[in-house]
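Peer 1: Before I ask anything, here is the structure I am working with.
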Amino acid sequence: MDFADSRIVLASTDTTLQDLLRTAPNNPGSFSRHFTQGEDFFISLAEPVTVPSLPIHHPVNQPKPAKEYRQGIQTLVSQLVQQVPQLFQGLTYFFDPRDHLRPSFYQLYRIAGQYYLYLLKIDLTFHPGRHHTLALGSNDASPEYRTKALILEADMIPISRIDNGTDGTKHLVVHQSVSDTWIGETGRGYFVQGIWLDRELTKFFSKLFLPRGKRTYPYYPFTCKYRSICLTVIHLDAQGRKGFLPLLHQARGYILDHLATIEDALRNQEFSENLPAFASLYEEIPDSLRRGFSTISMEAYLNDQEMREYEIIEKSL
């Protein structure tokens, strides 16, 4: 994935793995959806899966993975498609040499002439306390472990153009609409930290479309990623993903019409629902754009390590 020119490069795929995805069972498996205390999204599986040891290093200019890596990913996915086949319905695997420990799957959508990319990434890095070690890793290979917790990143991203690469790859150009979100630095010496607007924009975008008083932290439906307006996907089956696409498309249209106002409001202060710009824009949003989130709530609890986590709870209308 190339962040410099906002292109998402769909590189080589794996025919064996694609065959696994196509032959997945029709009956959906069960899982619950959660966020960690660090705000990472994960699903809790009914049964643990074994994550094989994988090569830690891969040259970023090499678009094809090594044989042992391919075999490891195939081993993992063969377990997942049996437990949670709905996670992969309609998706295509691709190898990202810059992010190889987060295998990637995608599907392209089009609505009203606008392309959207659904991008699913599975984080396979080892997390002590959450993963049970089966074999130690080394400087060159990750540990083998078992886990019920599958950390995911699932986003719907607007795409402005699709280009074909000379090497058989596809280059998806992200529709960037947000200005440069870098606004400065804070601290001194080793403690200098960058100040970015992305998180504040994410809060502003999301709160606009949540019912008044609704608290969904740490879940933010609409996010500022890739300097674009994206959707955090929590409905991971094919029907669920597609169902929220019209909502994203309508919400993006509204945000784009008022983006300059939103950015100006956050240049010198953090987000608050008391901001005059937010209060005035909130009143203009039709209730129909908030209805999709009215049934969603978060339930806090302590996990086995006494760390706070959150479970996504949904009630029927």
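The values are calculated or read from the model by the stated rules, or taken from the named source; none is laboratory data. All values derive from a computational prediction rather than experimental measurement. Virtual Cβ from ideal backbone geometry, glycine too; neighbours counted across all protein chains shown. All accessible areas refer to the heavy atoms of the entire protein, side chains included, with ligands and DNA or RNA removed. Shrake-Rupley method; radii C 1.70, N 1.55, O 1.52, S 1.80 Å.
Peer 1: Limited to the range 298-317, what total is found for residues that are in a strand (DSSP E or B) and touching a residue at least 24 places away in the same chain (Cβ under 8 Å)?
Peer 2: Result for the range 298-317: 6.
Peer 1: Residues in the range 218-240 that are assigned to a loop (DSSP other than H, G, I, E, B) and either at pLDDT 95 or above or charged (D, E, K, R) (or both): how many?
Peer 2: 10
Peer 1: Would you say Ser316 is within 30 Å of Ile43 (Cβ to Cβ), touching a helix residue (DSSP H, G or I) at 6+ places or on another chain (Cβ under 9 Å) and of a type outside the set (Val, Ile, Thr)?
Peer 2: no
Peer 1: Select from the range 295-312 the residues that are out of contact with any Ser or Thr (no Cβ under 6 Å at 6 or more places or on another chain), farther than 21 Å from Gly129 by Cα and not β-branched (Val, Ile, Thr) and list them in ascending order.
Peer 2: Residues satisfying the conditions are Ser297, Glu299.
Peer 1: For Gln107, are the conditions met, namely being open to solvent by 30 Å² or more (accessible area, probe 1.4 Å), in a strand (DSSP E or B), closer than 23 Å to Gln18 by Cα and out of contact with any Cys (no Cβ under 6 Å at 6 or more places or on another chain)?
Peer 2: So Gln107 fits the description; yes.
Peer 1: Within the range 41-50, is even one residue among the polar types (S, T, N, Q) and open to solvent by 10 Å² or more (accessible area, probe 1.4 Å)?
Peer 2: There is at least one residue in the range 41-50 that is among the polar types (S, T, N, Q) and open to solvent by 10 Å² or more (accessible area, probe 1.4 Å).
Peer 1: Which one of Ser288, Ser272, Ser206 is part of a helix (DSSP H, G or I), open to solvent by 10 Å² or more (accessible area, probe 1.4 Å) and among the hydroxyl-bearing types (Ser, Thr, Tyr)?
Peer 2: So the residue among Ser288, Ser272, Ser206 that is part of a helix (DSSP H, G or I), open to solvent by 10 Å² or more (accessible area, probe 1.4 Å) and among the hydroxyl-bearing types (Ser, Thr, Tyr) is Ser288.
Peer 1: Moving on to the next point. Do you know which residues across the range 60-73 are touching a residue at least 24 places away in the same chain (Cβ under 8 Å) and open to solvent by less than 40 Å² (accessible area, probe 1.4 Å)?
Peer 2: Pro65, Tyr69, Ile73
Peer 1: Taking only pairs six or more apart or across chains, which ones have beta-carbon atoms under 9 Å, a first residue in the range 20-44 that is farther than 28 Å from Asp304 by Cα, and a second residue that is open to solvent by 30 Å² or more (accessible area, probe 1.4 Å) and outside any loop (DSSP other than H, G, I, E, B)?
Peer 2: Taking only residues 6 or more apart or on different chains, the pairs are Leu20/Gln74; Leu20/Ser78; Leu21/Thr92; Ala24/Gln82; Pro25/Gln82.
Peer 1: Can you work out which of the residues in the range 168-200 that are within 25 Å of Arg110 (Cα to Cα) and not polar (S, T, N, Q) is modelled with the lowest pLDDT?
Peer 2: That would be Gly168.
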